[in-house]
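Step one of this worksheet: look at the structure below.
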Amino acid sequence: MDTGKLNRILEAMKEQDMPQMIIADPLTIFWLTGKMIVPGERLLALYLNVNGSHKLMINELFPQEKDLGVKLVYYNDVQDGVEILSKFVEKDKPIGIDKIWPARFLLRLQELGAGSKFLNGSMIIDYIRMIKDEKEQALMRESSRLNDIAVERLIPWVGKGLTEKELNAKIREIYKELGCEDVSFDPITAYAKGAADPHHVTDDSKGKRGDCVILDIGGFKDHYASDLTRTVFIGEVSDRAREIYDIVVEANRRGIAAAKPGNRMCDVDAAARDYITEKGFGEYFTHRTGHSIGLEDHEFGDVSSVNTDIIKPGQCFSVEPGIYLADEGIGVRIEDLVLITEDGCEVLNHFTKDLIIVPEEA
């Protein structure tokens, strides 16, 4: 296991009087061991104890040839894996439980009386994973570099008469060409009224001259996610749409300027939101300003008006204000990822935010 990450967890467990913990999230287990194990419906549980007696419960279907830095305890499909796990648990002490652990496993552990009290252990993991180390930061930079290339390659296709679904399929092809493992979320490729609906589901609509087009895309490279949004226009842009675009770009820039150590996550939200409100469109900015990102596209720690957490170096999150005028068929969102440094932030996306009009092709 990565001893640096493990020691950070163990120290936090001691501070919170949590002598033992069960981690079930495959991504967190990967983050610690470097091995991705997807167990399906079967039990996968990393048991941590501040006394150092760590165990990884794993089904025999997933034999490990490489040393993962932790003792492996195998079970098979006719054994009660939770019962085996319970034999390692200190029954007279509290135990932290991963928030994603299925209830069928937790209830069985409770039936067996394994643990004096059951606590939510995920807050420890969430806050530690929020701060990216140097290796993770490098991976985030590379993932975003490829995403800049992806959006540049995708934009010309906006004027070729593709449906939203065909445009969605095209960006998936581009990620494969770039060597990404997969998309980090279902791409949003939306024209006009679809772009003006933040909850729009990609359909068979086609764009027409003057339409805005939201391209909200991201991919996985070496397990780390990227996420970027640009809004472009087909053939021409109206004065009204240009006005909205300029406001959203400025809101994005103001949010980024507020993304620095010592500020709160809600300060970033306010910097973007207050500007849009000042311009008279506050009611049309209908979502939070951003979200944390890393091994998952959406990780713990959002950029919203209610998140008063202090920003720290190593955090990575999106800044993505938007304005959505459903009655006018205008939707604009601009999104960049920022990586918090010691004195400010590094913007991971470098693709232009200048307004782009994509030529129509016959």
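Which shape class applies to the stretch 301-362: rounded if a/c is under 1.5, otherwise prolate when a/b exceeds b/c and oblate if not, where a ≥ b ≥ c are the square roots of the Cα gyration tensor eigenvalues? Judged from the Cα gyration tensor, the stretch 301-362 comes out oblate (a/c at least 1.5, b/c at or above a/b). Mean silhouette area of the stretch 200-252, derived from the convex hull of its C-alpha atoms and averaged over all directions, reads 5.2 nm². Note on the stretch 235-362: the alpha carbon radius of gyration divided by the globular reference 2.2 N^0.38 Å gives 1.09.
Using the average count of surrounding beta-carbon atoms within 10 Å as a protection proxy, the listed peptides 285-295, 177-187 rank, highest first, as 285-295, 177-187. Test of understanding: extend the Cα→C-beta vector of GLU360 to 7 Å, then name every residue of the stretch 139-181 with backbone N under 19 Å from that spot. Flagged as within label range: 155-164, 167. Listed values (1) 28, 48, 23, 1; (2) 28, 56, 16, 0; (3) 31, 58, 11, 0 include one computed from this model; for P(r) over Cα pairs in 20 Å bins from 0, in percent that value carries the label (1). Extending 7 Å from Cα along the Cβ direction at THR286 and again at ASP222 yields two label points whose distance is 3.9 nm. Across the accessible surface of the chain, with the other protein chains kept in place and a 1.4 Å probe, carbon and sulfur atoms take up 49 percent. Along its first, second and third principal axes, ordered by size, the stretch 108-202 spans 63, 34, 22 Å in Cα coordinates. With the chain treated as a Gaussian network of Cα nodes joined by springs under 10 Å, which of PRO198, PRO102, PRO261 yields the largest mean-square fluctuation? Result for the chain, Cα springs under 10 Å: PRO102 fluctuates most.
In the full protein context, the chain carries 44 Å² of accessible surface per residue, based on a 1.4 Å probe and ignoring ligands, DNA and RNA. Per-residue ellipticity at 222 nm computed for the chain from its helices equals -10000 deg cm²/dmol, with DSSP H segments shorter than 4 residues left out and the rest contributing -39,500 (n - 2.57). Structure note, pairs LYS135/LYS353; LYS260/LYS353; LYS208/LYS260; LYS14/LYS135: Cα-Cα distances above 31 angstrom occur for LYS208/LYS260.
Given the stretch 156-202, what whole percent of its Cα pairs are spread farther than 17 Å? Above the 17 Å cut-off, the stretch 156-202 has 36 percent of its Cα pairs. Between ASP239 and LYS93, residue separation times 0.36 nm minus the direct Cα-Cα distance comes to 46.0 nm.
Consider all pairwise Cα distances in the stretch 180-296 and report the whole-number % of them above 18 Å. Across the stretch 180-296, Cα pairs with separations above 18 Å total 60 percent. Note on LYS14 and THR163: their simple-model spin labels are 6.0 nm apart, each label 7 Å out from Cα toward Cβ.
State whether the stretch 1-111 is rounded, prolate or oblate according to the following rule on the C-alpha gyration tensor (a ≥ b ≥ c being the square roots of its eigenvalues): a/c under 1.5 gives rounded; otherwise a/b larger than b/c gives prolate, and the remaining case gives oblate. It comes out oblate by the Cα gyration axes. Fully extending the segment from ALA138 to ASN51 would add 28.0 nm, taking 0.36 nm per residue of separation and subtracting the current Cα-Cα distance. Maximal additional length on extending the VAL347-SER116 stretch stands at 78.5 nm, based on 0.36 nm per residue less the C-alpha distance. Compactness ratio for the stretch 1-65: Cα radius of gyration over 2.2 N^0.38 Å (N = residue count) comes to 1.13.
The values are calculated or read from the model by the stated rules, or taken from the named source; none is laboratory data. In this text the structure is predicted, and so the values were computed from the model without any measurement. Virtual Cβ from ideal backbone geometry, glycine too; neighbours counted across all protein chains shown. These area figures cover heavy atoms from the full protein model, side chains too; ligands, DNA and RNA do not enter into them. Shrake-Rupley method; radii C 1.70, N 1.55, O 1.52, S 1.80 Å.
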